[in-house]
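Following: one structure in structure tokens, then a few remarks.
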């Protein structure tokens with residue numbers, strides 16, 4: 001079996017942006033393309049398409065946010081498959097999938113996932129020494145075993 005080892009400290013980074021924030025995320029990702037290309041990137045549909053076509057980045061694309069993409073990223077967070085979320089959300093625009101957005105942000109907090117909602121925070125995250133080295137985050141003690149006492153099954 002021929003496998004390629006994972007680069008040291010490669011992160012699984014989800015990139016999401018509401019429509020009014022997509023140009024801002026594209027500009028940020030373009031400026032940080034050298035750093036981002038060393039990591040595994042994930043995005044909701046339209047944002048992922050934009051990053052792939054405009055910047056030539058390889059991105060795993062989920063569905064568009066309003067049709068389940070935010071929930072897919074949330075599920076990946078709960079499974080331990082996302083290390084960081086860069087989500088430029090628009091606090092001034094009503095979103096039809098606002099409950100999904102809040103659930104995604106909640107999951108980041110529950111699972112201790114670093115998240116940025118604007119350029120300044122994203123800049124701090126990507127420039128942190130912890131971004132470029134191994135980091136073992138504290139994960140809450142949730143898992144299938146923890147729920148057995150409530151379900152009645154061993």
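What follows is calculated from the coordinates using simple rules that are stated; it is not laboratory data. In this text the structure is predicted, and so the values were computed from the model without any measurement. In this analysis, Cβ positions are derived from the backbone assuming ideal geometry, glycine residues included, and neighbour counts consider all displayed protein chains.
Filtering the range 38-66 to residues that are touching a residue at least 24 places away in the same chain (Cβ under 8 Å), more than 16 Å from residue 22 (Cα to Cα) and more than 11 Å from the chain's Cα centre (by Cα) leaves 38, 39. Scanning the range 115-133 for residues that are exposed (fewer than 14 other Cβ atoms within 10 Å of the Cβ) and under 22 Å from residue 9 (Cα atoms) yields 124, 127, 128, 129, 130, 133. Based on what the data block shows, is residue 137 surrounded by fewer than 12 Cβ atoms within 10 Å (Cβ to Cβ) and under 16 Å from the mean Cα position of the chain (by Cα)? Spelling it out, residue 137 is indeed surrounded by fewer than 12 Cβ atoms within 10 Å (Cβ to Cβ) and under 16 Å from the mean Cα position of the chain (by Cα).
Every test in (1) on the phi > 0 side of the Ramachandran plot; (2) crowded, with 20+ Cβ neighbours inside 10 Å is passed by residue 112 save one, and that test is (2).
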